[in-house]
Structure formats: C-alpha cells, structure tokens
C-alpha cells in the first residue's frame with residue numbers, strides 16, 4: 001500500500017484546495033442547520049442540549065466524516081465502486097446512491113419554494129403581509145392590523161399550550177410541521193387577531209393558498225401549477241449549469257454559494273439583535289435546562305441531528321474527496337468542516353431567535369408561542385416577522401437568497417454522486433460526455449419531480465421526507481463502520497489513514513471512538 005491504487009481513468013481534481021473545503025462546507029451546512037437545529041436546541045434544554053450534541057459530534061459524527069473522506073481520497077472512486085475493499089458489501093454504495101437519488105428528487109422543491117418567494121419580494125407590498133389577494137379568505141388577518149389589538153390585550157395571547165404552528169405535530173426527519181396543513185390553525189372565538197380564534201395569518205394563507213394551493217389529500221393531486229413548475233425547472237437548470245463539468249465548474253460556483261449564506265446570515269443577525277425583544281429571544285434559545293439531560297429522547301435527537309447535519313452515509317463526502325490529491329491531509333479538513341458546520345447551526349439559531357423574539361414582542365406574548373421549525377419557520381413565521389420590519393422587501397430578499405444558497409449547495413452534492421457513479425461505471429462512454437450526462441440526469445429528475453409542483457405535491461413531499469432517509473442513513477452508517485473497522489480490518493484501515501493524514505496519534509483517537 002505504498003502508492004494509490006490505479007484509477008479507471010484520469011480523474012479531474014479540484015483546482016484548488018479551497019474549492020474542496022468550500023464544497024464540503026456548503027454541503028454540510030444545509031437547511032436543517034438553520035430551521036431544525038435552533039428548535040431542537042430549545043426543545044431539549046437550550047444550552048444544555050449542546051452537551052450531548054458535542055458528545056455525538058466528537059464520538060460519531062467527526063470520525064465517520066473523516067473515514068469517508070479518507071476512503072474517497074485514497075481510492076479516487078465514488079461510493080458505487082469504493083467498496084471493492086469488501087465486494088460482499090458493495091450494496092452499501094448502491095444504497096448511498098438510492099438514498100441520495102430519492103432525496104435529490106424532493107429537495108429541489110424546497111429551492112423552488114424559495115425561488116417563488118424571492119420572485120415576490122420585488123413588489124410594493126409583500127403579498128404575504130396583506131389580506132386583499134385572490135387567495136385570501138374572510139378569516140385572514142395581517143400583523144400590522146393586529147398590532148394595536150395585541151398591545152392592548154395581553155390576556156389574549158395564550159395558545160393553550162401550543163405554538164403558533166402546532167409543533168405537537170412536528171416531524172423530526174426534516175423539521176416538518178404536520179398540523180401546518182390543518183385548517184384549524186387557530187381555534188375558537190370571534191376576533192381574528194386572538195390566538196385562539198379562527199383567524200389565519202396572511203403569511204400562512206399565502207403559503208397555503210398561493211404557493212401550495214393545496215388540496216385535501218393524496219387522493220386529490222389536482223394539477224401542475226405553472227408558476228411553481230417554472231421555479232422548479234429554474235432550480236434544476238441552475239443545478240445543471242453548476243455541475244455540467246463536474247468539479248471543474250462546481251469548484252468555481254462554491255466561491256459564491258458557500259460564502260454568501262454567512263454574509264447574509266450575519267446581516268440578518270446584526271439587524272435582528274437591534275430589534276426590541278431580540279435579547280429575550282436569544283436568552284430563551286440558549287438558557288440551559290440541565291434536567292433535560294436525564295431524558296433519553298434528548299440524547300437520541302442530539303445524535304440524529306449530528307448525523308443529518310454533517311451528511312455522512314449519503315456518499316457525497318466520498319465523491320468529493322475522490323477528487324483530492326492523494327497527499328491531501330483530510331484529517332485537518334474533516335475537523336475544520338465538522339466544527340464549522342455545527343458552529344453555523346448555533347450561529348444560525350442566534351439569527352432565528354433574535355427575530356422570533358422581536359415577533360413575540362410585537363405580539364406581546366412569549367417566545368415559545370411563535371417558535372416553529374422546518375418549512376413552517378422558513379416560509380411562514382420568519383417571512384411574517386420580516387414583513388413587520390422597515391424595508392421588508394430588502395430583508396425578505398436577503399433571507400430567501402440565503403435559503404437558496406444553502407439549498408443548492410446541498411443539492412450539488414447529492415446530484416454529483418449520481419453523475420460520478422455513472423461516469424465511473426461506463427467511463428469510456430460518459431467520460432467525455434459529462435455535460436450530456438448531467439443534462440439527462442437533471443431533466444429526468446425534473447420530470448419525475450413534477451408531481452411535487454401539483455396541488456397535492458406537499459403530501460408527496462411529506463412522504464419522501466418521512467420515509468426516504470429516516471431508516472436508511474443510520475443503517476448505512478453502521479455498515480460502513482462494520483466493513484471498514486472489522487472486515488477490511490483495523491490495521492489496514494489505520495495504515496490507509498496514516499498515509500492520508502500523516503498522523504497516527506490523532507487518528508487513533510477518532511478511529512477507536514468509531515469502533
């Protein structure tokens with residue numbers, strides 16, 4: 001094992017080391033870091049949640065992240081062929097491709113939703129801040145219209161133990177709110193501004209009536225919405241142009257897409273902390289409740305969040321690392337990227353809760369009454385809060401641009417897995433036809449994903465969200481550790497890692513923690 005193994009064909013490498021790091025950073029910082037982690041942190045003990053979170057990060061997330069980078073870099077192969085180290089378990093590579101394929105199918109609809117919102121910010125009045133649109137109902141109310149009512153009637157702010165979007169129906173897979181689609185978002189009495197009335201916010205009506213135009217269930221899929229379909233097509237077209245030459249084009253795009261979210265997130269955070277109520281929101285987010293550490297569910301959710309936020313077992317880390325130089329120190333890269341990704345989760349939570357604290361201040365209610373997660377946060381609560389700021393179009397544009405940048409970075413990795421796997425399987429045909437292959441894959445995904453743009457598409461999204469990755473990813477991760485640590489052999493794997501990192505002592509700590 002003194003030299004890297006021969007490759008199927010000469011494989012393109014990253015133009016610069018920073019391109020690889022930016023690609024990994026963009027992939028590891030996904031939408032879940034911004035709209036799932038903050039809610040999980042608050043629900044599971046605030047600052048105390050960071051203890052199990054970092055325990056799982058150091059003992060599970062970082063070692064597995066590192067091992068995938070090592071085997072990808074050493075072999076120069078993608079997830080479909082790297083398991084030649086143990087041919088009996090080559091199904092792991094197929095499983096990675098299947099999971100990434102299923103997730104890529106529905107992930108782009110989130111980008112399409114963000115595009116739809118972004119296209120509506122260039123108006124005099126944000127459409128989700130008014131009740132005079134074609135999709136609004138008689139139960140619609142606006143935030144501006146209710147400010148005076150909330151200021152003078154603090155006794156009416158109770159939600160009877162439930163958050164604004166009914167988080168008792170929260171789905172842990174993506175941070176998705178099931179009760180969001182129930183017409184009884186607010187219950188009870190006469191005044192539409194009361195939290196226990198039948199009123200529905202203008203932001204929620206925009207989401208349900210303009211973006212989704214949802215039907216009653218899967219049995220009634222309705223028709224393709226051409227506006228959302230165009231956004232969906234634009235999202236896939238952008239993915240195609242960024243990946244058409246593989247890492248050659250991807251390495252240039254990530255200079256923008258991987259750094260822009262941090263700039264925009266910082267701008268939103270700076271604006272957020274200057275708002276009244278921001279301090280209360282941040283304190284609510286970070287105040288530790290150490291009693292939660294005795295609950296097994298807290299530790300389970302911490303482990304799951306580390307697993308999903310870093311992205312091992314998808315095959316992306318193997319694919320991206322396969323384009324590295326053989327001498328690259330991927331241990332240093334792995335430590336840096338994992339810490340960066342999880343620090344971004346905490347940082348994003350500050351931006352989220354500073355604005356939610358402001359929204360609670362305007363409503364004259366507690367922060368817990370406006371907390372949401374998943375699409376409920378990204379497409380209802382946060383846009384609703386930004387609409388109450390001066391220059392709402394500016395802040396809404398920055399927010400949705402940030403969602404777009406974060407979303408496409410994750411999508412790059414999932415689509416690149418399939419492109420690389422096909423090129424490696426049929427190198428003599430596809431090696432010089434990479435643009436055609438990328439175009440075919442993106443167009444096929446667009447066609448197969450069209451049901452997501454229909455009136456009942458949200459129910460298809462929900463099915464994919466619940467079942468596409470929930471059980472597969474943990475199983476793939478466990479099998480990786482079994483094959484590399486026990487079947488391929490600890491000594492062989494240790495030797496491989498020494499060559500890739502020039503560091504035996506540091507690796508030993510990480511490797512033993514995996515086993």
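Derivation of every value follows stated rules applied to the coordinates shown; laboratory data play no part. Since this is a predicted model, take the numbers as computed values, not measurements. Ideal geometry is used to build each Cβ from the backbone, glycine not excepted, and the neighbour counts take in all protein chains shown.
Return the distance in nm (one decimal) between the two label points of a simple spin-label model at residue 332 and residue 122, each offset 7 Å from Cα along Cα→Cβ.
Once both label points are built, they end up 4.4 nm from each other.
When only alpha-carbon atoms are used, what values of Rg and Dmax, in angstrom, describe region 312-418?
In order Rg, Dmax, the Cα atoms of region 312-418 give 18.2, 58 Å.
Once you treat every alpha carbon in region 372-464 as an equal point and sum by Debye, what is log10 I(q)/I(0) at q = 0.13, 0.14, 0.18, 0.23 Å⁻¹?
For region 372-464, the Cα-only Debye profile gives -0.68, -0.75, -0.98, -1.17.
Quick one: P(r) of region 211-299 from all Cα-Cα pairs, 5 Å bins, percents rounded to integers, in order of increasing distance.
The percentages, shortest bin first, are 3, 9, 9, 9, 9, 10, 14, 18, 15, 5, 0.
For an R0 of 45 angstrom, estimate the FRET efficiency from the Cβ-Cβ distance between residue 144 and residue 436 and round to the nearest 0.05.
Taking R0 as 45 Å, the efficiency between residue 144 and residue 436 is 0.30.
Let me know the whole percent of all Cα-Cα pairs from region 1-139 that are separated by more than 21 Å.
Every Cα pair in region 1-139 considered, those over 21 Å come to 67 percent.
Using the alpha carbon gyration tensor of region 420-490, what are the three equivalent-ellipsoid semi-axes (square root of 5 times each eigenvalue), largest first, in whole Å?
30, 26, 5
If N is the number of residues in region 71-148, what value comes out of its Cα radius of gyration divided by 2.2 N^0.38 Å?
In units of the globular-protein estimate, region 71-148 measures up at 2.08.
Modelling each spin label as a point 7 Å along the Cα-to-Cβ direction, I'd like the residue 223/residue 467 distance in nm, to one decimal.
Label-label distance for residue 223 and residue 467, simple model: 2.9 nm.
Each label point is 7 Å from the Cα along the Cα-to-Cβ direction; what then is the distance between the points at residue 230 and residue 482, in nm?
Once both label points are built, they end up 5.1 nm from each other.
Assuming R0 = 35 Å, can you tell me the calculated FRET efficiency for the pair residue 491 and residue 245, based on Cβ-Cβ distance, to the nearest 0.05?
The calculated FRET efficiency here is 0.35.
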